[in-house]
Amino acid sequence: MLHIKCPYCGIRSQKEFAYGGDATVKRPKLNSEVSDKEWDDFVYMRKSPRGKHTELWHHISGCRQWFKAQRDTVTHEIFKTAKINEEIK
Amino acid sequence: MQKYSVFSLIKNSLSGHRNWDVAWKDPTPKKEYEVIIIGGGGHGLATAYYLAKEHKITNVAIIEKGWIGGGNVGRNTTIIRSNFMYDANARFNEFGMNLWRNLSQELNFNVMFSPRGIINLAHSDAQMNAYARRGNSMRLNGIDAVLLNREEVKKIIPQADFSEDVRFPIFGGLMQPSAGTARHDGVAWGYARQADAMGVDIIQHCEVTGFDIQQGKITGVRTSKGNIKSKKVGICVAGSTNILAEKLNMSLPIETHVLQACVSEPIKPLLDGVVTFGAGHFYISQSDKGEMVMGGDLDGYNSYAQRGNLPTIQHVLTGGLAVFPFLSRLKMLRTWGGIMDMSMDGSPIIDKTHIEGLYLNCGWCYGGFKSTPVSGWTFAHTIAQDRVHELNSELSLNRFSTGHLLDEKGIGTKTWIG
Ligand SMILES: Cc1cc2nc3c(=O)[nH]c(=O)nc-3n(C[C@H](O)[C@H](O)[C@H](O)COP(=O)(O)OP(=O)(O)OC[C@H]3O[C@@H](n4cnc5c(N)ncnc54)[C@H](O)[C@@H]3O)c2cc1C
Ligand SMILES: [Zn+2]
């Protein structure tokens, strides 16, 4: 069982959360010319690193906020979590 | 190579089984090969076998970082089927079914292919309609599909819960009678033994750590046992695909996730074929040893750990109990996990890459065991001829940017929900 620290509610069990995938992919700017390649990269291409991964989680059975987490994809250790507008380095 | 038969068995038993030939050798790598296959899983071993057999290319090395059969080929729940809706997937896997049917004879190794049928359960009229459509699509591609009503399902699996007041009452199901299971280790060992006999070098405990590329062409690989040259290299590493892609500076439409399975203590024969309970995220079959083999969802977050977490097992077995209440009386024997190369549309990729001489085989998600023979067959063709075969022409790497997706389930890019 993962224990995830919601930046709003504190540490809760994994069962309260839904996963949201890679938090580092950036949607191309709105109302700008977007090439097929840029769109392709945004929608489909992933690095899926072995090691540190910055990802989105949703505290769906809690405060319902989305937030970021940095987690190790081998040990599953969670290093930090942060609000969605905060950077994780 | 010594042929396996009842006579060789009797003969060797007389000498206490001390004189069997080794099934494959343990060679030191040569300086150069005509083709290098990275990854000694089912797909890599099958590729090498068909390179030698169909294309007479025997100067081949399989480079495996662990031991052959230690990856997903030895961790899966062995379901073999071709119940697909899209033409490209249906044709590809039905060609594979034909390879399965003769595989034990061809490899002179009993892979225990056992076509006992698969039933996908349905729980609403809408789902019955969807299955009718899928079954019709399958039949148009020459694949056997039978739409079963509630009574017909009950005849085949009377031990399931047929009450009407449950969350997911059984309305019926779609059956592929020719689907089944096989012994996964046997498949790896059978391909390995024949490939070795035709001259393929199976190099175990050797990790590929990098690539040598000159002017857009592959010239060799770097390994933990030194550099090895080759003008043709096939990547066949399933759950490690993203790691090698990073070394090539490539992004792929692949994410890596962990999938678990579990088996119960062995019991007497109770369940004949494979049953999937999609609504409850659960599927089950009974192994020849008598264990109930069960699985379900991914753990649901990117992972390279070849082990999973308890909540998923609890979730899967909760679904299992709903459809097969008798499971509550069984003890669980073990659980394990494997890392999955989840593609963004749930279908595989067998293609050339932008680097000349570098070929890619990946995106098997949790369904690559069934495709082991056809994957090897088409990948060998792609490498030997330097062009894709008609069967894998739509399993292309660029289908994501051109919009020609093969999204059987229509779930989009949330690979962990798949
Ligand atoms: C729990 C579970 C249940 C499953 N159930 C089914 C099922 O019922 N039906 C079905 O069709 N499929 C199923 N699958 C999926 C199936 O097992 C895989 O899709 C398939 O085995 C992948 O191909 P492979 O056999 O070549 O992979 P693997 O056996 O994983 O082979 C890849 C090999 O590459 C090696 N490798 C990786 N990196 C390197 C490197 N850098 N250098 C050298 N070697 C390297 C690995 O060590 C590994 O041996 C299941 C998988 C799991 C985990
Ligand atoms: Zn919260």
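The values are calculated or read from the model by the stated rules, or taken from the named source; none is laboratory data. Keep in mind that what you see is a predicted model, and the values were worked out from it rather than measured. No Cβ is skipped: glycine too gets one built from the backbone with ideal geometry, and neighbour counts run over all protein chains shown.
Might you let me know whether the stretch B:203-226 holds any residue that is away from chain A (no Cβ under 14 Å), among the charged types (D, E, K, R) and farther than 22 Å from B:ASP386 by Cα? Full working, then the answer.
From the stretch B:203-226, those away from chain A (no Cβ under 14 Å) are B:203-206, B:208, B:210-226; that's our starting set.
Of the ones still in play, those that are also among the charged types (D, E, K, R) are B:212, B:217, B:222, B:225.
Filter once more, so that each one left must be farther than 22 Å from B:ASP386 by Cα: B:222, B:225.
Within the stretch B:203-226, one or more residues are away from chain A (no Cβ under 14 Å), among the charged types (D, E, K, R) and farther than 22 Å from B:ASP386 by Cα.
Residues that are more than 14 Å from chain A (Cβ to nearest Cβ), farther than 18 Å from B:ASP87 by Cα and within 18 Å of the chain's Cα centre (by Cα) do occur in the stretch B:378-393.
Taking the numbered list (1) in a loop (DSSP other than H, G, I, E, B); (2) surrounded by fewer than 18 Cβ atoms within 10 Å (Cβ to Cβ) in turn, B:THR413 passes all entries but (2). Residue check, B:MET340 against (1) farther than 29 Å from B:ARG183 by Cβ; (2) surrounded by 18 or more Cβ atoms within 10 Å (Cβ to Cβ); (3) hydrophobic (A, V, I, L, M, F, W, C), all met but one. Which one? For B:MET340, the failing item is (1).
Mind listing just one residue for me: the one in the stretch B:352-377 that is within 7 Å of ligand 1 (Cβ to nearest atom) and away from chain A (no Cβ under 14 Å) and, of those, nearest to B:TYR191 (Cα to Cα)?
Step one: filter the stretch B:352-377 for residues within 7 Å of ligand 1 (Cβ to nearest atom), giving B:364-372.
In the following step, the residues that additionally are away from chain A (no Cβ under 14 Å) were identified as B:364, B:366-372.
Details: B:TRP364: 19, B:TYR366: 21, B:GLY367: 19, B:GLY368: 16, B:PHE369: 13, B:LYS370: 14, B:SER371: 14, B:THR372: 10 Å.
Selected residue: B:THR372.
Of the candidates B:THR209, B:THR219, the single residue that is more than 30 Å from B:MET112 (Cα to Cα), surrounded by fewer than 22 Cβ atoms within 10 Å (Cβ to Cβ), among the β-branched types (Val, Ile, Thr) and near ligand 1 (Cβ under 10 Å from one of its atoms) is B:THR209. Could you please let me know if B:ILE350 is buried (at least 18 other Cβ atoms within 10 Å of the Cβ) and β-branched (Val, Ile, Thr)? Yes.
Looking across the stretch B:301-323, just one residue is out of contact with any Leu (no Cβ under 6 Å at 6 or more places or on another chain) and more than 30 Å from B:ALA238 (Cβ to Cβ), and that is B:ALA322.
Going by what's in this entry, would A:ASP40 be described as in contact with a Leu (Cβ under 9 Å, 6 or more places away or on another chain), away from ligand 2 (no atom under 12 Å from the Cβ) and within 23 Å of B:ILE411 (Cβ to Cβ)?
Working: in contact with a Leu (Cβ under 9 Å, 6 or more places away or on another chain): no; away from ligand 2 (no atom under 12 Å from the Cβ): yes; within 23 Å of B:ILE411 (Cβ to Cβ): yes.
When the stated conditions are applied, A:ASP40 does not pass them.
Among the residues making up the stretch B:285-317, those that are assigned to a loop (DSSP other than H, G, I, E, B), within 21 Å of the chain's Cα centre (by Cα) and within 20 Å of A:MET1 (Cα to Cα) are B:SER303, B:TYR304, B:ALA305, B:GLN306, B:ARG307, B:GLY308. B:PHE400 fulfils the conditions (1) outside the structural domain of B:VAL274 (by TED's automatic domain parsing); (2) touching a strand residue (DSSP E or B) at 6+ places or on another chain (Cβ under 6 Å); (3) farther than 23 Å from B:GLY220 by Cα; (4) not in a loop (DSSP other than H, G, I, E, B) except for a single criterion, (2). Just a yes or no: is a residue in the stretch B:389-405 on the phi > 0 side of the Ramachandran plot and buried (at least 18 other Cβ atoms within 10 Å of the Cβ)? Checked the stretch B:389-405: no residue is on the phi > 0 side of the Ramachandran plot and buried (at least 18 other Cβ atoms within 10 Å of the Cβ).
Kindly establish whether B:ARG150 is assigned by TED's automatic domain parsing to the domain that holds B:THR318 and surrounded by 14 or more Cβ atoms within 10 Å (Cβ to Cβ). Judged against the criteria, B:ARG150 is a match. Note on the stretch B:288-324: among residues that are away from every other protein chain (no Cβ under 14 Å) and of a type in the set (Asp, Glu), the one that is farthest from B:GLY273 (Cα to Cα) is B:GLU291. Within the stretch A:48-87, the set of residues being more than 16 Å from ligand 1 (Cβ to nearest atom), surrounded by fewer than 17 Cβ atoms within 10 Å (Cβ to Cβ) and in a loop (DSSP other than H, G, I, E, B) comprises A:ILE60, A:SER61, A:GLY62, A:CYS63, A:ARG64, A:GLN65, A:THR75, A:GLU77, A:ILE84, A:ASN85, A:GLU86, A:GLU87. Considering the stretch B:66-161, the qualifying helices (runs of 4 or more DSSP H), each wholly inside and each with 3 or more residues that are under 24 Å from the mean Cα position of the chain (by Cα) and at pLDDT 95 or above, run over B:87-101, B:103-107, B:125-140. Within the stretch A:1-27, the set of residues being part of a loop (DSSP other than H, G, I, E, B), closer than 21 Å to B:THR415 by Cα and either within 12 Å of ligand 2 (Cβ to nearest atom) or more than 8 Å from chain B (Cβ to nearest Cβ) (or both) comprises A:PHE17, A:ALA23, A:THR24, A:VAL25, A:LYS26, A:ARG27. Suppose we keep only residues that are touching a Ser or Thr at 6+ places or on another chain (Cβ under 9 Å) and polar (S, T, N, Q) within the stretch B:287-308. Which one would you say is surrounded by the fewest Cβ atoms within 10 Å (Cβ to Cβ)? Out of the qualifying residues, it is B:SER287.
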